[in-house]
Amino acid sequence: MPEPKDQQEAMFFDLSARTKLRVSGMDRLRFLNGQITNDAAKSSASVGIAASILNAKGKMNGQVFVSQGIDCFWLDADPELRETLQPRLERSVIADVVVLDDAPAQFSIFHVATSEVPSLPESCRVLQVNRFRRPGWDVWIEMSRRDEVFAQLSADCSFCDDPSLEIFRIEQGIARWNRELTQEIIPVEAGLEESSIDYEKGC
């Protein structure tokens, strides 16, 4: 697997298979902060944050990354959560004005592991996200432009396929759903406290 030796070298991964949800509606911030362990307000259109979704006993229902779009929040999670994440959140929508939309095929997501923001067209949504305990950038792009952006990233970065990604995330100590993360553990047990929990945001 390619490994950067210095700040001039970089690698990127294809995360397009991840579960993607759009959370919109006037109560989206209040609703989301009632469901996740981090403060969604700390995210932005250019910065994504990690958060856990828990059950009533404090055990995990999922691990997500949160960012802001135009009048919405975007959530992305491991592919294994595609069938359960949206129903889990929808069960908690009671009086809130919130809409949850599934968008698995609308966007591709690449993650570029480098300290410098990649140079890409304005049509790309580029945000800073620490997915692997090192500087990195998520690139969201319409699926129709996936091949074009893949070629542009390949000109400056080494592409790592799924087996290489699995090795890399294990080497970096990153837990994944249905591997190290299950519904039987709490975030602290998975080493997610520092990255995923804001104890000051309230319930």
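Points to keep in mind about this one:
- Tilt relative to the chain, helix 162-171 - C-alpha long axis, 0 to 90 degrees, to 10: 70
- Accessible-area composition of the chain, carbon plus sulfur, in percent [1.4 Å probe]: 51
- Computed with a 1.4 Å probe over protein heavy atoms only, the accessible surface of the chain comes to 51 Å² per residue.
- Coarse-grained scattering of the chain at q = 0.10, 0.17 Å⁻¹, given as base-10 log I(q)/I(0) from a Debye sum over alpha-carbon atoms: -0.41, -1.20
- Solvent exposure, largest accessible area first (probe 1.4 Å, DNA, RNA and ligands not counted), of Val126, Val64: Val126, Val64
- Whole-Å distance, taken between Cα centres, linking the range 21-70 and the range 126-195: 18
- Placing unit charges on the Cβ atoms only, positive for Lys and Arg and negative for Asp and Glu, gives the chain a dipole magnitude near 520 debye about its Cα centre.
- Met26 - accessible surface, heavy atoms, 1.4 Å probe, Å² rounded to 10: 150
- Solvent-accessible surface (1.4 Å probe) assigned to Arg30 amounts to roughly 150 Å².
- Charge dipole (the chain, unit charges on Cβ, about Cα centre) - positive-most of Ile36, Gly48, Val149: Ile36
- Value of [θ]222 nm, deg cm²/dmol, for the chain, DSSP H segments ≥ 4, -39500 (n - 2.57) each, nearest 500: -4500 deg cm²/dmol
- Binning the C-alpha pair distances of the range 57-165 at 10 Å intervals from 0 yields a P(r) profile of 11, 40, 33, 13, 2 %, listed from the shortest bin outward.
- Residues whose amide H comes within less than 5 Å of that of Thr37, counting only those at least five positions distant or on another chain, are Ser52 (H built at 1.01 Å from N in the peptide plane).
- Under DSSP loop assignment and at most 10 Cβ neighbours within 10 Å, longest GluC sites (Glu not before Pro)-free interval of the chain: 1-82
- For the chain, the longest principal axis of the alpha carbon atoms and the long axis of helix 146-156 meet at an angle near 50°.
The values are calculated or read from the model by the stated rules, or taken from the named source; none is laboratory data. The structure presented is a predicted model; accordingly, all values stated were derived computationally and were not measured. Because the Cβ atoms are built from the backbone with ideal geometry, glycine has one as well, and the counts that use them run over all protein chains shown. We work out accessible area using only protein heavy atoms, side chains counted, and drop any ligands, DNA or RNA first. Shrake-Rupley method; radii C 1.70, N 1.55, O 1.52, S 1.80 Å.
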